[in-house]
Amino acid sequence: MTPLDQLVIVGTSLAAGMIGAILGLGGGFIIVPMLIFIFGLTAQVSAGTSLVSLVFTALSGAVGYTWQRRIDYKLGISLAVASAPGAVVGSLASAYVKSSVLTALFGCFMILVASYITMGSPAKSSPGAGAGWSRHLVDRDGNEFEYRAKHMALAYPLIFLAGFLAGLFGIGGGALQVPAMILLLGVPVEIAMATSSLMILISALAGGITHIQLANVAYEFIPFIIISVIIGAQIGVQVQRRTGARTLRRMFAFFLIVIGLRMILVLIA
């Protein structure tokens, strides 16, 4: 590996960690294409290497959001019960499934979700009477978030799918689980993105261990990626803290469209 290769890995991983932490995506949608298109790794090895790296990205982001007191631990751990098994199944499926068509379909879905987020409104969740989990969080800056997480039974299949796609493609899964929390459960965007880092940590750990057992990890890339994504994630946490919810929604929708188009191009190429 040349010094130029190392510089590319560090720069790309820094951006992945920062963007992943800001949007609750995990950063795999940047790391995986880098490993495939620049370094010529197979999709399976790229996915495994990305997931192992995402453990540290999500851990760094979760630590930062814990300090900010923006993670809903009850909700995050409950949903991770579905995402972790999905990540294991997706990791195992990567060895057998031709993923180009599924990747393109997932890309189309991401564009639809981005359109809904941009033009629609998040589900309104009253803290008053009614079904669901009544939640009240106060972050370190004194901002209060009061909401009622409803439709939990409907969320679990989507979160399992998010974990499955995380294991299959080496992404964080936040591209599906964050919209599910915002649009279906009615979780505020700031809390959804912060809580997503905890869920990604759990699912990436489960999927990463599975890929290690399948020998789908290029270990020579890991140290450079880990250091860079940790630094990038901490930068992203601070950026997210100073960015309004409306701007975050637009940024998230934009990156979903970018992800979707990239996935569709996999089928066309």
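The values are calculated or read from the model by the stated rules, or taken from the named source; none is laboratory data. As the structure is a prediction and not an experimental result, all values here were calculated from the model. The area values use the complete protein model at the heavy-atom level, side chains included, leaving out ligands, DNA and RNA. Shrake-Rupley method; radii C 1.70, N 1.55, O 1.52, S 1.80 Å.
If every alpha-carbon in segment 33-89 counts as one equal scatterer, what log10 I(q)/I(0) does Debye give at q = 0.17, 0.19, 0.24 1/Å? Values returned for q = 0.17, 0.19, 0.24 Å⁻¹ are -0.73, -0.83, -0.99. Ordered by solvent-accessible area of protein heavy atoms (1.4 Å probe), largest first, the residues Phe254, Phe37 come out as Phe37, Phe254.
Only protein heavy atoms count here; on that basis, with a 1.4 Å probe, Leu205 has an accessible area of about 90 Å². Largest accessible area first, the residues Trp67, Trp133 order themselves as Trp67, Trp133 under a 1.4 Å probe with ligands, DNA and RNA left out. The candidates Lys74, Lys150, arranged from most to least accessible area with a 1.4 Å probe in the full protein assembly, appear as Lys74, Lys150.
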